[in-house]
Amino acid sequence: MSLSRFFNNRNTLGAVFMVPAGLILLVFLTYPLGLGTWLGFTDAKIGRAGEWVGFENFTFLFGDSVARLSLFNTLFYTIVASIIKFVFGLWLALLLNKTLPFQAFVRAVVLLPFIVPTALSALAFWWLYDAQFSVLSWALVKMGLIDNYITFLGDPWLARGSVVAANIWRGVPFVAITLLAGLQTISPSLYEAASLDGATEWQKFWHVTLPMLTPIIAVVMTFSVLFTFTDFQLIYVLTRGGPLNATHLMATLSFQRAILGGALGEGAALATAMVPFLLAAILFSYFGLQRRAWQQGGSDK
Amino acid sequence: MSNFNRRDFLKASAGVAAGTAAVGVGGEALAQAKGAPALNLKPEKGAKLRVLKWKRFVQGDEDLFNANIKKFSAQTGIEVRIDYEGFEDVRPKAAVAANVGSGPDVIYGFFDDPHLYPEKLLDVTDVANYLGNKYGGWYDVCKTYGMSGNKWISIPLGAAGATFVHRISHMQAAGFKEFPKDMKGFLDLCKALKAKGTPAGFALGNATGDGNAWCHWLVWAFGGRMVDEKNNVVINSPETIKALEYAKELYATFIPGTLSWLDPNNNKAFLDGLISVTNNGISVYYAAKNATDPKVKEMTADIGHAPFPIGPVGRGTELHLFTEAMIFKYTKAPQAAKAFVTFMMEKEQYEPWQQASIGYVTQPLKAYESNPIWTSDPKNTPYRDCVKNMTPNSFAGKLGYASAGTMADFVMVNMVAEAASGSKSPKEAAERAEARAKRYYKV
């Protein structure tokens, strides 16, 4: 009797149905994240439980030249790659939005770099960037443009540029295809209205397309920044953080310190130190880009 | 790392068998065996073992290891399940097993592993003494890795040794009859090779194996060391500076791009004929020997192996990928696990396994110097002495978290790379390494 009443109550039933999802989140997301954060405040080693050491790991990392370099590398990598990915992605989306021959096929092909597993495409780039066997260098030498092979991954700044380029290649399709989906939701009547008002193509883009697209841009760029900031595989295959730690990102350094070096606490602290940056990126995109007033043609206060 | 298939293995072992017949069984080992105390192990009834070993670098390793396991199971009735993992995945897995208190009974780990959780490991002093007595004794470096205090906590399996792999014809064209044995000679050779357009190439990227191996050798050869006997960081020393100045001169003779090199790069460059000297395991030689491409196969006779040159310290200062068997205290069948580890180290199993691994792993026990694999092909011989010439990665301090962390963080490799490439002066590079190492060696 009471059981049937229990199951007929919408509120309790709703709660019951949410329990599995809640449990999954708790066990597989909240707990590991909490554990990771907690580890960052201990001196845990692999194979040995740690003791609470407060902010010791963080002060230690702050004084560590390699950790500071990895922070710089990560910011550089994320900012440069994300901006270029956005520009190229938007451009590609606008092109794909026009009527093209073999439209579906072309759109599918554009997604390819994103579909190929990162580890595989990274291997391809590893060959492209090889100091001795690079097909890029080979081609340039054969064309007589350069005399010596380029050591793409052998010079700190060249290496940073090379890994950023590989990341862009991989990330542009995601941005482009998602923005394309956004473009297709924009009502043609808006463009017709703009045409009637005598708007130029540029004005249409600036006053119709872009404002209508901002919510999608906010979401896509948030994801893109998160993916880039936490990138691991590409660096690990291409350089392992070399040369001279010039491409070590916080994620790769964290792995190197925690798992290969055994300093779990320190690695966890390094990973935890990424969280504020990620939060900042999310907050920026939500509060900075999802401004209703601007979208509806008004202006911010 | 070369791929070595079953057919190659058969060919290689046929050659080795012929070698055995010619040389005869070494009498020394047998004589010592008579005086050896017997090892009294009583494997638990119905014991089942789980073993974790690093994934092969050469196919023959795994084939014969598995065959030996089968033999063990047949003789003792103990069931053994073996898992293979990439060599860099073994450390975290072993550590987790130690931490959680469950997992494989036996794990073949690397370098400092046993010293990260010595209290979690079974005392295997009896096994080590038995094997040591029977097979001519352990090399010194094995005691450093195997023992904690005065008891043994792991049984060394050997080391994936490296030598200076070089092209004989290029060396001769550069005016050297044989490979230099000292630092000055080696630098002169590299300069001459560079002048002939057939340069040297050594990995200076974050290359776990090759980079660590030659950078440690170089600094140690000049008397530099990360820490002293009491684990005080002493890397910033006049000896280190000398080594780094040498590195700078040496780097000038390298092929471009070595700062980006990871472990596989030197193999590829060597087999393509782009470099004339590098440090590597025996795999390059076997890749050439078993190549289908006639151009590469032709190179086989021209490949020479030489021990790392000896520096002003006057002794071998090599670093090789050292591996050891650890039995965890949580095992339900400690006697069976000991029996297994012992069985794999006995001559009947170890020598054929070493042969099938084409000498990729150098023995920790002196008696196996007489294994015909080292003489059946004279080119294998330099690899015989790798463990003998080896210095532990923690030199001159103790193995543990600090030494493991310092090596995993490439402190030595980065220092050499910074000074060699000129991005930092030798003094600055040494100071930076000192600051980084001190963080690991803080009390």
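All of the numbers you see were taken from the coordinates with simple rules; none came from a lab. It should be emphasised that the depicted structure is a prediction, and the values quoted were computed from it without experimental measurement. All Cβ positions, glycine included, derive from the backbone under ideal geometry; neighbour counts span all protein chains shown.
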> Taking the highest mean first, how do the peptides A:261-270, B:251-260, B:417-426 order by number of other beta carbon atoms within 10 angstrom per residue?
Replying inline: A:261-270, B:251-260, B:417-426
> Within a Cβ distance under 11 Å of residue B:150, other residues only, what is the Lys/Arg minus Asp/Glu net charge?
Replying inline: +1
>> Using only DSSP helix segments of four residues or longer, with each worth -39500 (n - 2.57), what per-residue ellipticity at 222 nm results for the protein assembly as shown after dividing by its residue count and rounding to 500?
In response: -16500 deg cm²/dmol
> Hey, how many Å between the Cα centroid of region B:303-317 and the Cα centroid of region A:226-272?
Replying inline: 34
> Going down the table (B:151/B:398; B:71/B:347; B:71/B:120; B:242/B:424; B:347/B:379), which pairs top 19 Å between alpha carbons?
Replying inline: B:71/B:120; B:347/B:379
>> Using alpha carbons only, how many angstrom separate the centre of region B:373-431 from the centre of region B:198-259?
In response: 7
> Can you give the FRET efficiency for residue A:124 and residue A:51, using 1/(1 + (r/R0)^6), R0 = 56 Å, r = Cβ-Cβ distance, to the nearest 0.05?
Replying inline: 0.80
> What number comes out for the charge environment of residue B:45, summing +1 per Lys or Arg and -1 per Asp or Glu over other residues with Cβ under 13 Å away?
Replying inline: +1
> How many Cβ atoms of partner chains, on average, are near each residue of A:144-155 if near means within 10 Å of its Cβ?
Replying inline: 3
> Which of the helices in chain A, when you take each full DSSP H run, stretch at least 18 Å along the axis at their Cα atoms and have an average Kyte-Doolittle score of 0.5 or higher?
Replying inline: A:10-25, A:65-97, A:156-184, A:210-229
> Hey, rough spin-label estimate for residue B:168 and residue A:223, points 7 angstrom out along Cα→Cβ, what's it come to in nanometres?
Replying inline: 6.1
> Label 7 Å along Cα→Cβ of residue B:81; region B:43-69 residues with amide nitrogen under 15 Å?
Replying inline: B:47-53
> Going by average Cβ neighbours within 10 Å, how do the peptides B:84-90, A:273-279 rank, with the highest at the top?
Replying inline: B:84-90, A:273-279
> trypsin sites (Lys or Arg not before Pro), restricted to region A:42-129: which are DSSP loop and have at most 10 other Cβ atoms within 10 Å?
Replying inline: A:98
> How far is it, in nm, from the label point at residue B:102 to the one at residue A:136 when both lie 7 Å from their Cα along the line to the Cβ?
Replying inline: 5.0
> So, with +1 on the Cβ of K and R and -1 on the Cβ of D and E, and no other charges, what is the size of the charge dipole of chain A about its Cα centre, to the nearest 20 debye?
Replying inline: 620
> Given a Förster radius of 41 Å and the C-beta distance between residue A:68 and residue B:188 as r, what FRET efficiency does 1/(1 + (r/R0)^6) yield to the nearest 0.05?
Replying inline: 0.50
> Relative to the Cα centre, what is the charge dipole magnitude of region A:165-263, using +1 at the beta carbon of each Lys and Arg, -1 at the beta carbon of each Asp and Glu, and rounding to the nearest 20 debye?
Replying inline: 520
>> Among B:129, B:189, A:30, which residue has its Cα furthest toward the positive end of the charge dipole of the protein assembly as shown, with +1 on Lys/Arg Cβ and -1 on Asp/Glu Cβ?
In response: A:30
> How many partner chain Cβ atoms sit within 10 Å of a residue's Cβ in peptide B:399-411, on average, as a whole number?
Replying inline: 4
> About its Cα centre, how strong a charge dipole does the protein assembly as shown have in debye, to the nearest 20, once Lys and Arg get +1 and Asp and Glu get -1 at the Cβ?
Replying inline: 840
>> Using 23 Å as the Cα-Cα cut-off, could you pick out the over-long pairs in B:181/B:289; A:98/A:204; B:53/B:230?
In response: B:181/B:289; B:53/B:230
> Which of the peptides B:240-247, A:30-37, B:227-234 is most tightly packed, and how do the rest follow, judged by the mean count of other Cβ atoms within 10 Å per residue?
Replying inline: B:240-247, B:227-234, A:30-37
